Amino acid sequence: MNKFLRILKHRWLDSADTHRLIPDDMAQRLAQRVAASETRHSGEVRLCVEAALPLSYLWRLDRTTSVGMLTRERAVSWFGRLGVWDTEHNNGVLIYLLLAEHAIEFVADRALSAHVDHAQWQAIVDRLGARLRSGEFEDGLTQALEEVSALLVAHFPTGDDGVSPNELPDSVVRA
């Protein structure tokens, strides 16, 4: 797809599309699932669904910078903006969806990344992608959240007291 058409595609979508895809009631249920997940481990999980890349990203598209690279860069930007990188145990995870590109990115902080290899993350991404393509957004995100939670429970269970402080909001970011 040429640069002009890609820019149009991204300008066509906005946060109203994100809210239509993930309405308030679904966002609330997903937030409750994030909160429930975080009682089982010491990690933090954030969900972020963005309609399109900002124009400043799209202008940088050329032969050396792919949309995939920009999507990953944007996910890492959200990871920092939402403070996922700043958790006590460095074991936060961002699940990022970019609607305009049908792209999925998982960004894990360094402590969890040391335990989970690329193939494990890719398998979760592939399963989530299949669910999203079949229109099962809530079920797909719930399954991905459960899989991420299982990884966090395996490597970072709650302490002996069973208490895990909630360091970040559980709400779904819809941009």
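Per-atom-type breakdown for segment 11-59 gives carbon and sulfur 58% of the accessible area (1.4 Å probe, protein chains only). Its residue count N sets the reference 2.2 N^0.38 Å, and the alpha-carbon radius of gyration of the chain equals 1.03 times that reference. For a paramagnetic label modelled on ARG29 (point 7 Å from Cα along Cα→Cβ), amide N atoms under 13 Å away belong, within segment 107-145, to 136-143. Using the Cβ-Cβ distance between SER134 and ASP86 with R0 = 30 Å, the FRET efficiency computed as 1/(1 + (r/R0)^6) comes to roughly 0.25. Summed over the residues of segment 2-62 and divided among them, the accessible surface reaches 50 Å² per residue at a probe radius of 1.4 Å. Helical runs assigned H by DSSP (4 residues or longer) give the chain a calculated mean residue ellipticity at 222 nm of -15500 deg cm²/dmol, each run adding -39500 (n - 2.57) before division by the residue total. Once the chain from GLU167 to GLU146 is taken as fully extended at 0.36 nm per residue, the excess over their C-alpha distance is 5.7 nm. Each peptide in 15-22, 142-149, 47-54 was scored by the mean count of other Cβ atoms within 10 Å over its residues; highest first, the order is 47-54, 142-149, 15-22. Working from label points 7 Å from Cα in the Cα-to-Cβ sense, the ALA36 to VAL76 distance is 3.5 nm.
Taking only protein heavy atoms and a 1.4 Å probe, the accessible area of segment 73-149 is 51% carbon and sulfur.
Full extension of the chain segment joining SER15 with HIS102 gains 29.8 nm, where the gain is 0.36 nm per residue of separation less the Cα-Cα distance. A simple spin-label model places pseudo-atoms 7 Å from Cα toward Cβ; at ASP126 and VAL153 they are separated by 2.4 nm.
The values are calculated or read from the model by the stated rules, or taken from the named source; none is laboratory data. What you see is a predicted model; the values in this text were computed from it and never measured. Note that we place each Cβ from the backbone using ideal geometry, even for glycine, and neighbour counts take in every protein chain shown. The protein model used for the area step is the full one, side chains on, heavy atoms only, and it has no ligands, DNA or RNA in it. Shrake-Rupley method; radii C 1.70, N 1.55, O 1.52, S 1.80 Å.
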